[in-house]
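Student: One structure, as structure tokens, below. Some questions next.
Every read-out reported here was derived from the displayed coordinates using simple, explicitly stated rules and does not represent laboratory data. Since the model is a prediction, treat every value here as computed from it, not as a measurement. Reconstructed Cβ throughout: ideal geometry from the backbone, glycine too, with neighbour counts over all protein chains shown.
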């Protein structure tokens, strides 16, 4: 035997061993350790090697027998006809090759039409009815023999226990066996895992294996607790008249009361099948269940039967698979990004793997709570999913293959960008860096600081902010007030007039009221309304920076989380340095005692809360907010029973309807001015 033959023999032996091992994990334990796409690659490689070397094919090869292993826990059921699997096409040329093969076998294929159906990623079952009464149900098993799971199937509410469901429907055959797919909707699967987490129990990896495991329980009560559904698509056997085409069969099954998906399509020719496949690329992300391909069937059932079977696959149907969306790979490490709002977000660093036609090296881990809840560890083998153009994300670890070298993950105590301590409140999911000078947050902080609702530096948009940060001209918001003409004159697009206007706008922003500066600092939880309340209460930043947690809680609109965020922000040495820089640059607005007294006691809109909707004739949205606040009122974003008035202009939105529902008074601009005049 040559070295080459020896290598082929070894490879075939390895593939058979691996496929058998994964079949056991998938079908018996309902706990796969590789994805369907990875199993497909192993199987296709073995098939190709055996095709090239037919003398090496043995009866014990996975290619020559069903992959399903029947559990001894259940009684066995002989199927009335073979419950066949389908061969796969992974590319357009493979589907065309299938068509050409069967057309050569029977010329009727050239004029045949086709039915396309979603290939549900669930568990195939057979339902038996006698005189319209459901009396037995079984798994597909090995295609010849299945497992009796009748009692479990009875718990699925979408399975009719008597047909026809509608007394005026078609007459049911004296005996009828139909085939369907049991599955779990994605929304229900997410809700199920959420309940598992809340109960401190292990979460499930994917809907398919969760459905399979639920159906193969000895206790039907466990099955009943799972959100299982079924879609029926085939008549296995019948005593009586049944339709002659697959399309008519689907309509017949629906008329009897079986759940039949409305995503089936009748295609007059192969080109229409390809068009439907393209349509699925859009549709796949919008449906609430997993599909891993599109089943293509010859519509004429007699023709399909005449084409026969090759191995265990019917020639008259094929599964046109979609690009794989779930794969497994090694989690090499966990990195942390610092977002523009200061939120720390973990991400997975992976052994590169192909998902949906794209090589993936990183994936989303959502948040630190997700890592803890799923017990995801560094060096785990993890399941990775990518749907459409969505960023790949980790579903969870495959704990069955842990070797002992996996390391639990501990969230960082300091920001990976600036090294400052991070903040995490027990009631919140997010972890934050609250350092105003954090390099990772610089652009976001600058953008917010110069915005209209904050310091309103006219002419300084996001592009200028990004340019100043990129050139290193500003390292925090206080550096805006040290910019000079010569710093800007060599920047692309900056002429003399533009520079003069920008420097003038920066200088003018020093005169903004205290509430604007408090809002501009970007303290978490502090917006325009709360900034006004803090300015009225404390009068300057010296008083605010020394306020205690309990003192802040006494301010209207400030809750425990916001109070803690304010205390933590001012406690950071880097933020204290920022305040000192602002003061030294002349940015230190104060409310005089007279202003504070006037604001508290004598303003006409004092203690009134307003919501603004629509376009007012003489004020912009920011302008009317500032006008109301100057007159002592508070402007909030949503209507509630605590709202004093809704100020409505032209083209008001849903807030006007909400005001009507709650009985909140509605006034226009004139009514607002009259209210101010009345209360003076």
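Student: Tell me, what is the FRET efficiency for residue 673 and residue 366 to the nearest 0.05, using R0 = 45 angstrom and their Cβ-Cβ distance as r? Working shown, then result.
Tutor: On the way: r = 50 Å, r/R0 = 1.10.
Step by step, r from the Cβ atoms, then E = 0.35.
Student: Order by neighbour count: 175, 233, 14, 645, fewest other Cβ atoms within 10 Å first, most last.
Tutor: Working: 175 16, 233 25, 14 12, 645 21.
Neighbour counts put them in this order, fewest first: 14, 175, 645, 233.
Student: When N counts the residues of segment 158-226, how does its alpha-carbon radius of gyration compare numerically with 2.2 N^0.38 Å, as a ratio? It would help to have the intermediate numbers written out before the result.
Tutor: Working: Rg = 16.3 Å, N = 69, 2.2 N^0.38 = 11.0 Å.
Its radius of gyration relative to the 2.2 N^0.38 Å reference: 1.48.
Student: Against the longest alpha carbon principal axis of the chain, how many degrees, from 0 to 90 and to the nearest 10, is the axis of helix 246-256 turned?
Tutor: With both axes taken from Cα atoms, the answer is about 70 degrees.
Student: What ranking do 546, 482 get, fewest neighbouring Cβ atoms within 10 angstrom at the top?
Tutor: Working: 546 10, 482 13.
Exposure proxy ranking, most exposed first: 546, 482.
Student: Shifting gears a bit: Under the definition of Cα pairs under 8 Å and six or more residues apart, what whole-number percent is the relative contact order of the chain?
Tutor: It comes to 9 percent, rounded to a whole number.
Student: Give me the Kirkwood hydrodynamic radius of segment 455-510 in Å, from all C-alpha pairs, to one decimal place?
Tutor: Working: mean 1/r = 0.0881 Å⁻¹.
When all Cα pairs of segment 455-510 are included, the Kirkwood radius is 11.4 Å.
Student: Ok, one more. Looking at segment 330-408, what % of the alpha carbon pairs are farther apart than 15 Å? It would help to have the intermediate numbers written out before the result.
Tutor: Values: 1655 of 3081 pairs.
Value for segment 330-408 (Cα pairs over 15 Å): 54 percent.
Student: While we're on this one: Can you order the peptides 82-94, 119-131 by their average number of other Cβ atoms within 10 Å per residue, highest first? Write out the running numbers ahead of the final one.
Tutor: Details: 82-94: 16.2, 119-131: 21.7.
Highest to lowest by the protection proxy: 119-131, 82-94.
Student: Fully extended, how many nm does the chain gain between residue 452 and residue 540 (0.36 nm per residue separation, minus their Cα-Cα distance)?
Tutor: Going from the current span to full extension adds 29.6 nm.
Student: Continuing with the same structure: Where a ≥ b ≥ c are the square roots of the eigenvalues of the C-alpha gyration tensor, would you call segment 76-321 rounded, which needs a/c under 1.5, or, failing that, prolate if a/b is larger than b/c, or oblate? Mind showing how you got there, number by number?
Tutor: Values: a/c = 1.82, a/b = 1.30, b/c = 1.41.
Here segment 76-321 falls in the oblate category.
Student: Still on this model: Calculate the length of the line joining the C-alpha centroid of segment 194-249 to that of segment 472-525, in whole Å.
Tutor: 62
Student: Report, to one decimal in Å, the Kirkwood hydrodynamic radius for segment 603-679 based on all distinct Cα pairs. Each step should come with its number before you reach the end.
Tutor: On the way: mean 1/r = 0.0821 Å⁻¹.
It is 12.2 Å.
Student: Debye calculation, C-alpha points only, no solvent: report log10 I(q)/I(0) for the chain at q = 0.10, 0.11 Å⁻¹, in the same order as the q values.
Tutor: -1.02, -1.11
Student: For segment 330-408, what does the relative contact order come out to in percent, with C-alpha contacts under 8 Å and a separation of six or more? Numbers along the way, then the final one.
Tutor: On the way: 151 pairs, mean separation 21.0, N = 79.
The value is 27 percent.
Student: Okay, moving on. Measure nothing fancy, just the Cα-based angle from helix 496-508's long axis to the longest principal axis of the chain, in degrees from 0 to 90, nearest 10.
Tutor: The angle comes out near 70 degrees.
Student: For q = 0.14 Å⁻¹, what log10 I(q)/I(0) does segment 409-464 give under the Debye formula with an equal point scatterer on each alpha carbon and no solvent?
Tutor: -0.51
Student: Relative to the longest principal axis of the chain, what angle (0 to 90°, nearest 10) does the C-alpha long axis of helix 528-538 take?
Tutor: On a 0 to 90 degree scale, this one is about 40.
Student: Just rank 657, 375, 380, fewest to most, by other beta-carbon atoms within 10 angstrom. Don't jump to the answer; show the numbers that get you there.
Tutor: Numbers: 657 12, 375 15, 380 25.
By the 10 Å Cβ count, ascending, the order reads 657, 375, 380.
Student: Could you work out how much longer the chain between residue 106 and residue 561 gets when fully extended? Use 0.36 nm per residue separation minus the Cα distance between them, nm to one decimal. Let's see the in-between values first.
Tutor: Numbers: separation 455, 0.36 × 455 = 163.80 nm, distance 7.35 nm.
Between residue 106 and residue 561, full extension yields 156.4 nm more.
Student: Counting alpha carbon pairs within less than 8 Å and at least 6 residues apart, what relative contact order, in whole percent, applies to segment 227-379?
Tutor: Details: 175 pairs, mean separation 21.7, N = 153.
It rounds to 14 percent for segment 227-379.
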